[in-house]
Number of protein chains: 2
Amino acid sequence: MRPTVHDIAAAAGVSLATVDRVLNQRPGVRRITREKVETAIREIDYVRDVAAANLAKGRTYPLVFILPSSDNSFMHGLHAEIRDAIKRSPVERTDIRTVEVAAFDPAALVAALDKLADERPAGIALVATDAPGVVAAVDKLVDDGIPVVTLVSDLTGSRRHHYAGVDNIAAGRTAARLLGRFLGDAEGEVAVLAGSMLVRDHRERLEGFAALIAQEFPKLSILPVLEGRDDPEMAHMMVADALSRHQRVIGVYSLGAGNRGLIKALKGKGTDRRVTVVAHELTVHTRAALIDGTIDAVLNQDAGHEVRSAIRVLKAKADGLAVIDAQERIRLDIFLKDNLP
Amino acid sequence: MRPTVHDIAAAAGVSLATVDRVLNQRPGVRRITREKVETAIREIDYVRDVAAANLAKGRTYPLVFILPSSDNSFMHGLHAEIRDAIKRSPVERTDIRTVEVAAFDPAALVAALDKLADERPAGIALVATDAPGVVAAVDKLVDDGIPVVTLVSDLTGSRRHHYAGVDNIAAGRTAARLLGRFLGDAEGEVAVLAGSMLVRDHRERLEGFAALIAQEFPKLSILPVLEGRDDPEMAHMMVADALSRHQRVIGVYSLGAGNRGLIKALKGKGTDRRVTVVAHELTVHTRAALIDGTIDAVLNQDAGHEVRSAIRVLKAKADGLAVIDAQERIRLDIFLKDNLP
DNA sequence: AAGATTTTGATTTACGTACATCAAATTTGG
DNA sequence: CCAAATTTGATGTACGTAAATCAAAATCTT
């Protein structure tokens with residue numbers, strides 16, 4: 001049988017009340033006694049029954065998700081997944097609230113974070129905007145003992161407890177290798193469609209992509225990045241224009257969220273021209289394009305996994321428990337038309 | 001606040017004891033009363049607090065994993081993951097036992113399953129061997145109300161509650177497309193190395209692979225399958241032999257677990273010859289081969305995810321709870337050298 | 001060594017559910 | 001309509017932990 005608080009008391013030769021004081025860090029215990037209890041805990045290999053503890057405390061986990069108010073299908077998907085998580089709240093003892101913050105606005109994000117410091121939720125998940133002020137605000141929360149995880153976009157240099165998202169440099173490299181290998185020996189140009197170079201994940205994807213193309217596929221040259229602001233109209237115009245102006249374009253890497261316009265432009269081009277396309281984010285549109293052959297591969301991060309992982313990690317950190325690293329690693333999914341979910 | 005049994009009692013106008021009788025299916029409740037309580041449960045949207053219930057019951061989930069006694073690195077990995085799960089048992093209230101059964105021996109598997117019917121564990125996970133007798137044995141367990149999930153290898157035609165594994169036909173098709181696209185316009189032969197065609201997952205992978213090659217890559221022809229029985233020596237000999245006898249081999253699909261021999265054979269061949277290789281299962285060997293360029297892509301199923309998913313599903317089924325389908329879908333991982341974990 | 005202070009112990013209640021027991025009420029059978 | 005059988009209610013204990021209270025003991029001050 002699993003050891004209980006009673007076993008600790010017996011092993012340490014103290015009363016239940018003292019064990020409780022130590023376990024819950026209540027005052028009024030001498031150093032020596034505290035150490036005696038802690039030794040006993042280690043020796044009998046006690047782990048607190050979190051379920052029983054939560055029952056006794058009537059505990060819930062107030063969690064806050066800070067999200068940019070971006071209007072693209074990935075963010076919509078993320079919101080939907082959070083709503084699903086909220087539906088599961090009674091069972092999971094969570095109490096999830098979302099806070100929307102203007103996209104790419106470090107000051108607004110810092111303000112939101114500072115406000116939460118007073119509120120003291122059990123944990124915070126945020127889609128980070130990369131700026132020194134944000135790093136400082138996050139570190140302050142961490143110092144205050146509030147678990148923080150970054151979601152989708154990481155915050156390097158900060159002491160956040162965890163990052164629930166993919167490695168975007170690796171994603172860019174993977175896209176480059178797929179495109180390069182799919183194109184074989186062909187020589188030509190590659191167009192890159194991004195949302196905005198102000199976003200860290202887009203920058204990182206481009207960085208990885210460009211590096212690997214330069215290193216391993218010298219026959220391919222990358223055209224200046226098209227920044228479509230994840231807007232269908234704009235992306236359509238830019239891609240159509242690029243395809244007509246550069247007849248040597250044989251590949252496209254779409255690393256942002258504005259794939260609707262891209263797909264339209266690709267379908268509009270002459271059917272004689274074969275363009276190999278790698279895009280990010282699996283949506284109804286990219287899925288259809290994958291099936292009809294307009295897109296050759298889709299890289300994806302599963303928003304549902306990211307949200308559930310963030311919640312699991314925040315709860316675990318709040319309880320001071322270990323997380324299963326392998327379980328919480330967010331994988332970069334590669335979809336061809338044959339392994340669609 | 002979440003409704004409790006007291007709220008049910010109040011809503012239904014009965015006593016707590018009656019609610020308890022209904023909830024736990026104890027006898028001595030009139031039809032009408034039972035229905036009244038059930039209506040109340042639905043109306044106030046009651047969900048049993050599983051944590052509290054388990055606490056009261058002192059419940060643990062006795063689970064049994066039935067595994068083939070195969071000696072390959074994937075199965076070793078699976079065993080390791082189960083051992084990890086056993087370490088988490090105190091926290092997860094599981095009590096996991098593994099049963100080893102001779103590989104590819106339906107009779108032995110049926111015997112093991114029948115034996116478990118008496119033991120009545122809270123759930124059973126099995127690596128299925130595909131045979132009518134096994135289907136019948138599994139269906140009997142299901143009829144007895146014991147949750148059953150298949151692991152790694154499914155059992156079509158049975159009424160198992162869940163399958164924790166990948167779609168192997170899709171895996172074969174994905175391998176075919178990767179190989180076909182990587183080879184571009186080249187014409188030549190493709191060698192397939194399998195463990196044994198007696199194993200369902202290997203058969204299915206081959207089926208998907210051959211179908212897609214025939215359909216979309218007519219310039220490639222598939223050589224007769226090499227059955228290496230997942231043995232390094234044997235695989236080495238067979239592949240080396242095939243490579244020397246068939247000078248037109250430009251691609252290899254290794255769909256089994258015996259990649260050590262394959263890698264050795266590939267490294268032994270003349271360096272002038274370029275062979276594109278897609279293999280299954282990420283191990284230390286395939287990982288190294290991917291990095292040094294001997295292998296071009298690795299398809300993988302994460303044994304840890306499969307085990308944890310199986311456990312979650314079995315517990316949920318035992319409690320009559322819903323599972324999050326998206327969370328329990330085991331994905332086919334595609335690894336290039338750039339997105340290795 | 002007396003009193004003040006700190007530390008420890010003993011005990012109780014609570015969380016939401018399970019399960020058992022006994023008494024009371026209701027229904028059923030004859 | 002009475003007795004027997006069934007159904008329902010009332011109540012208490014338990015699970016492992018949290019949290020509070022009050023008394024007792026130990027330690028510290030001077």
I'm trying to understand the selection: among the residues of segment A:2-33, which are more than 10 Å from DNA strand D (Cβ to nearest atom), surrounded by fewer than 18 Cβ atoms within 10 Å (Cβ to Cβ) and either closer than 28 Å to B:Thr60 by Cα or under 40 Å from the mean Cα position of the chain (by Cα) (or both)? A:Ala10, A:Pro27
Name the pairs: first residue in segment A:7-23 and within 14 Å of another protein chain (Cβ to nearest Cβ), second residue open to solvent by 30 Å² or more (accessible area, probe 1.4 Å) and near DNA strand D (Cβ under 8 Å from one of its atoms), Cβ to Cβ under 8 Å, at least 6 apart or on different chains? A:Asp7/A:Tyr46
So which of A:His280, A:His285 ends up being open to solvent by less than 50 Å² (accessible area, probe 1.4 Å) and closer than 26 Å to A:Asn339 by Cα? A:His280
Of the residues that sit in segment A:34-47 and are within 38 Å of the chain's Cα centre (by Cα) and within 16 Å of DNA strand C (Cβ to nearest atom), which one is farthest from the other protein chains (Cβ to nearest Cβ)? A:Glu38
Kindly evaluate B:Glu81 against the criterion of being open to solvent by 70 Å² or more (accessible area, probe 1.4 Å), part of a helix (DSSP H, G or I) and touching a residue at least 12 places away in the same chain (Cβ under 8 Å). no
So is B:Phe74 away from DNA strand D (no atom under 14 Å from the Cβ), more than 14 Å from chain A (Cβ to nearest Cβ), in a helix (DSSP H, G or I) and open to solvent by less than 30 Å² (accessible area, probe 1.4 Å) or not? yes
Return yes or no: is B:Arg173 farther than 30 Å from A:Met1 by Cβ and buried (at least 16 other Cβ atoms within 10 Å of the Cβ)? yes
Mind checking which strands (runs of 3 or more DSSP E) fall wholly inside segment B:128-214 and carry at least 2 residues that are under 24 Å from B:Ala318 (Cα atoms)? B:148-151, B:162-164
For segment A:48-55, does any single residue satisfy the condition of being within 13 Å of DNA strand C (Cβ to nearest atom) and open to solvent by 40 Å² or more (accessible area, probe 1.4 Å)? yes
Of everything in segment B:228-258, what is buried (at least 24 other Cβ atoms within 10 Å of the Cβ) and touching a residue at least 40 places away in the same chain (Cβ under 8 Å)? Give them in sequence order. B:Asp230, B:Ala235, B:Val239, B:Gly251, B:Val252, B:Tyr253, B:Ser254, B:Leu255, B:Gly256, B:Ala257, B:Gly258
For B:Arg312, indicate whether it is in a helix (DSSP H, G or I), within 22 Å of the chain's Cα centre (by Cα), surrounded by fewer than 24 Cβ atoms within 10 Å (Cβ to Cβ) and in the same structural domain as B:Arg181 (by TED's automatic domain parsing). no
For segment A:189-213, give me the residue count where each residue is away from chain B (no Cβ under 14 Å), modelled with pLDDT of 90 or more and surrounded by fewer than 21 Cβ atoms within 10 Å (Cβ to Cβ). 2
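The values are calculated or read from the model by the stated rules, or taken from the named source; none is laboratory data. Because the structure is a prediction, the values reported are computed rather than measured. Don't worry about glycine lacking a Cβ; one is built from the backbone with ideal geometry, like all the others, and counts go over all protein chains shown. We work out accessible area using only protein heavy atoms, side chains counted, and drop any ligands, DNA or RNA first. Shrake-Rupley method; radii C 1.70, N 1.55, O 1.52, S 1.80 Å.
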